[in-house]
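To keep things clear, I will list the structure first and then write my remarks on it.
Since every read-out is calculated from the coordinates, none of them should be taken as a lab result. It should be emphasised that the depicted structure is a prediction, and the values quoted were computed from it without experimental measurement. All Cβ positions, even for glycine, are placed from backbone atoms using ideal geometry, and neighbour counts span all protein chains on display.
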Amino acid sequence: METLKVNLRNCYGIKKLEHNFDISENNTYAIYAGNGVMKTSFARTFKDLSNGEDSKDLVFPDIETARDIVDENESPLNQDQVFVMEPYRGDFESEK
């Protein structure tokens, strides 16, 4: 996989996000930003994907959401290809 194409709409408050991540040399990304920028919403959306769940908007549950995460060939990302590292939790466990 060379590119990860992310297209999100109305996922946990993310109104719209379209970005192509170049992962040709490194398949890991760390997102570091100030409070309120959308890090948690972005992580929740990928966590949904890794758990095989639909993403949603918690404040407006009836709003239409879209979560398209594909590679450069437009093939959907497999849930087993995603690992979301959560903030420090003493009871954190992962099967991945």
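Remark on THR3: its backbone amide H falls under 5 Å from those of ILE23, GLU72, a criterion applied only to residues 5 or more positions apart or on other chains, H modelled at 1.01 Å from N. The ranking of THR65, THR28, THR40 from fewest to most other beta carbons within 10 Å of each one's beta carbon is THR28, THR40, THR65. GNM on the chain, alpha-carbon springs under 10 angstrom: the most fluctuating residue among LYS39, LYS56, LYS47 is LYS39. Label positions at SER94 and THR3, each projected 7 Å from the Cα along the C-beta direction, are separated by 2.7 nm. A crude spin-label estimate for the pair GLU72 and LEU17, with each label 7 Å from Cα along the Cβ direction, gives 2.3 nm.
The charge dipole of region 3-81, taken about the Cα centre with unit charges on the Cβ atoms of Lys, Arg (+1) and Asp, Glu (-1), comes to about 420 debye, rounded to the nearest 20. Multiplying the residue separation of ASN51 and ILE31 by 0.36 nm and subtracting their alpha-carbon distance yields 5.2 nm. Here the Karplus relation 6.51 cos²θ - 1.76 cosθ + 1.60, evaluated at θ = phi - 60°, turns the backbone of region 56-67 into coupling constants of 8, 10, 6, 7, 10, x, 8, 6, 6, 10, 9, 9 Hz, with x for every Gly and Pro.
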